[in-house]
Amino acid sequence: MHLANRIVVAPMCQYSAHEGRATDWHLAHWSSLLNSGAALVTLEATGVSPEGRITPLCLGLFDDACAHALSENLGRAKKLAPPTPVAIQLSHAGRKASSAAPWMGGAQLDLKSGGWSTVAPSALPHNPNDSTPKALDVNGMQRIVLDFVNAAKRAQDIGIDAIELHAAHGYLLHQFLSPLSNHREDAYGGDFEGRIRFPLEVFKALRDAFSGPLGMRISATDWVEGGWTPEETAQLCVRLKSLGADFAHISSGGLSPQQKIVPTPGYQVEFANLVKKTSQLPTMAVGLITTPEQAQAILDSDQADMIAIARVLLYKPRWPWEAAAQLGGHVNASPQYWRCLPQEASKVFSVPPKS
């Protein structure tokens, strides 16, 4: 896959789907992202099963109706923007599923409130007030692998260009990785090799099912003593590369309410740098990277290969245009917008020559 620049839109949950199906909100949201000037747009965490969704309002790709709604809305959005590759983040929320949307408090929902029973590597709730998840047996894990594979096949069928497997922010695959949430005593728990076994099995199954670029988003640290570490993340990425991974997207946290994070500008870049240097995988850095100069400095110092941005694009939907203007770059934009630039930024757009 050729990318026009090093800017990637990171996945951002919108909590605006209906029974897993994309809606008019997604059409408007995706149209904006595809017109941002970023080189790759990653769709939000998308549940591979109904019970794998974070909330009842999350996007899904677990049946043909979900695939049709996603394809229809994305297809319409693409017609309103320059050609831009699109990735999708496939996810299973595990014990963090069945939650309310953030603006509804975010607490786990009980069955009477539209929630459902959750699963996890071990019968350990995320929060003390959450219901106890069911510890997955091997048959349950195999069903989840099949859910991921079927979602990946649907993604390929509707023309998704790349897949990011979600193993970050405390969701199911991250729950297997961390010794804080994985207390299993079988082959899928215990030491590092045991804890990475199931995430690697899911990745291998997707690699066999999907022909496009495939990578993984990983929380490099739990920010809790005794939890998952950056060094383990780097070694996991070495294994991923040997299995045919094309990229790693390095974030952090989300597994435990005990996490102690002091967020500062670019606070996760050092983790991306460690992964890049150890695994040689193309690596995305993300997290409080908010200015073009800051992003360019990360690339110039070879700490990462791509810069993933998210919330800043909700506040400044044309942030990549500003980056191009400040740094002397070019972006693709719809012709309806070509007249909008101030004179000092008039050469930002890549305008085809007149025939």
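The values are calculated or read from the model by the stated rules, or taken from the named source; none is laboratory data. For clarity, every value in this text was computed on a predicted model and none was experimentally measured. Here the Cβ positions follow ideal geometry from the backbone for every residue, glycine too, while neighbour counts run over all protein chains shown.
Details
- Residue within region 63-79 that is under 24 Å from His126 (Cβ atoms), at pLDDT 95 or above and not in a strand (DSSP E or B) present: no
Residue-wise test of (1) modelled with pLDDT of 95 or more; (2) out of contact with any helix residue (DSSP H, G or I) (no Cβ under 8 Å at 6 or more places or on another chain).
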{"position": "Asn273", "(1), (2)": "yes, yes"}
{"position": "Thr278", "(1), (2)": "yes, no"}
{"position": "Met284", "(1), (2)": "yes, no"}
{"position": "Asp300", "(1), (2)": "yes, yes"}
{"position": "Tyr315", "(1), (2)": "yes, yes"}
{"position": "Tyr337", "(1), (2)": "no, yes"}
{"position": "Cys340", "(1), (2)": "no, yes"}
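- Matching residues, region 222-270, being of a type in the set (Gly, Ala, Ser) and farther than 18 Å from Gly190 by Cα: Ala234, Ser242, Gly244, Ala245, Ala248, Ser251, Ser252, Gly253, Gly254, Ser256, Gly266
- Residue within region 1-20 that is surrounded by fewer than 19 Cβ atoms within 10 Å (Cβ to Cβ), of a type outside the set (S, T, N, Q) and part of a strand (DSSP E or B) present: yes
- Looking only at region 197-211, residues that are assigned to a helix (DSSP H, G or I), over 17 Å from Gly140 (Cα atoms), more than 16 Å from the chain's Cα centre (by Cα) and not charged (D, E, K, R) come to 1 in all.
- Pairs are defined by a Cβ separation below 8 Å, a sequence spacing of at least 6 or placement on different chains, a first member in region 259-271 that is on the phi < 0 side of the Ramachandran plot, and a second member that is part of a helix (DSSP H, G or I) and surrounded by 11 or more Cβ atoms within 10 Å (Cβ to Cβ); the pairs so defined are Pro265/Gln294; Val269/Ile298; Glu270/Pro230; Phe271/Pro230; Phe271/Thr233.
- Residue in region 324-347 that is under 26 Å from Leu80 (Cα atoms), under 21 Å from the mean Cα position of the chain (by Cα) and in a helix (DSSP H, G or I) present: no
- Test: residue in region 153-171 that is within 23 Å of the chain's Cα centre (by Cα), of a type in the set (Ser, Thr, Tyr) and surrounded by 14 or more Cβ atoms within 10 Å (Cβ to Cβ): yes
- Cβ-Cβ distances below 6 Å connect the following pairs, each with a first residue in region 61-86 that is under 19 Å from Val331 (Cβ atoms), a second residue that is at pLDDT 95 or above and part of a helix (DSSP H, G or I), and a separation of six or more residues or different chains: Ala77/Leu27; Ala77/Trp30; Ala77/Ser31; Ala77/Leu34; Leu80/Ser31; Ala81/Leu34; Thr84/Leu34.
- Gly254 buried (at least 17 other Cβ atoms within 10 Å of the Cβ) and either in contact with a Lys or Arg (Cβ under 9 Å, 6 or more places away or on another chain) or part of a loop (DSSP other than H, G, I, E, B) (or both): yes
- Ser99 passes every criterion in (1) touching a residue at least 60 places away in the same chain (Cβ under 8 Å); (2) within 19 Å of the chain's Cα centre (by Cα); (3) within 18 Å of His166 (Cβ to Cβ) apart from (1).
- Criterion violated by Asn139 - all others in (1) assigned to a helix (DSSP H, G or I); (2) out of contact with any Phe, Trp or Tyr (no Cβ under 6 Å at 6 or more places or on another chain); (3) surrounded by 12 or more Cβ atoms within 10 Å (Cβ to Cβ) satisfied: (3)
- Tally of residues being closer than 24 Å to Pro83 by Cβ, touching a helix residue (DSSP H, G or I) at 6+ places or on another chain (Cβ under 7 Å) and part of a loop (DSSP other than H, G, I, E, B) across region 143-182: 1
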